[in-house]
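Input: a single structure, listed below in structure tokens.
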Amino acid sequence: MATMKTDSHSFLARFPVLKGVSIALLIQFVLIFLLTALFHFSSLPDNNMGLLSIMVVIVSVLIGGVVAAKAVEARFLLNGLGVGIGCLIIVLLVSLIGGNGINPAGMGIRALCYLGAGTVGGMLGALVSK
């Protein structure tokens with residue numbers, strides 16, 4: 001009787017960039033929810049929201065880049081950068097679908113945050129995985 005060989009890896013384990021993007025977006029969603037609750041229930045001025053949202057993006061994509069880089073044995077930077085690019089594309093698509101459009105002035109800063117955090121996350125993942 002022939003036996004089928006089953007792969008013990010999950011779907012996300014075979015695609016480390018996809019795993020990193022999904023974890024980064026999940027973390028970003030949770031942190032934005034907490035940030036919204038913080039602004040709603042406290043007396044923080046709204047002018048702090050921009051800086052805190054950039055910090056949320058950097059932290060979430062950095063963690064996603066670390067997760068993607070830990071899952072591979074080589075090309076750590078490219079996997080981290082892939083997480084940054086994937087998150088940026090998804091956020092831009094959600095922004096377009098939501099009807100907000102794209103602000104060209106803030107696009108450069110947003111792209112720098114996503115790509116830089118993903119690349120640094122890839123570097124940190126290379127250090128952590130060894």
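The values are calculated or read from the model by the stated rules, or taken from the named source; none is laboratory data. As the structure is a prediction and not an experimental result, all values here were calculated from the model. Here the Cβ is made from the backbone with ideal geometry for all residues, glycine too, and neighbour counts use every protein chain on show.
Scanning the range 80-103 turns up no residue that is touching a residue at least 24 places away in the same chain (Cβ under 8 Å) and among the polar types (S, T, N, Q). Can you tell me which residues in the range 110-130 are free of Cβ contacts under 8 Å to residues at least 24 places away in the same chain and among the hydrophobic types (A, V, I, L, M, F, W, C)? ALA111, LEU112, LEU127 - these are the residues of the range 110-130 that are free of Cβ contacts under 8 Å to residues at least 24 places away in the same chain and among the hydrophobic types (A, V, I, L, M, F, W, C).
You will find that of THR36, THR119, the residue that is of a type in the set (Ser, Thr, Tyr), within 16 Å of the chain's Cα centre (by Cα) and not in a loop (DSSP other than H, G, I, E, B) is THR119 and no other. For the range 70-92, taking the residues that are closer than 12 Å to PHE15 by Cα and of a type in the set (A, V, I, L, M), the one that is surrounded by the fewest Cβ atoms within 10 Å (Cβ to Cβ) is identified as VAL72.
Among the residues of the range 37-69, which ones are surrounded by 12 or more Cβ atoms within 10 Å (Cβ to Cβ), polar (S, T, N, Q) and at pLDDT below 90?
Across the range 37-69, the qualifying residues are ASN48, SER53.
So, LEU88, is that one over 15 Å from LEU18 (Cβ atoms) and assigned to a helix (DSSP H, G or I) or not? Considered against the rule, which asks whether it is over 15 Å from LEU18 (Cβ atoms) and assigned to a helix (DSSP H, G or I), LEU88 comes out as no.
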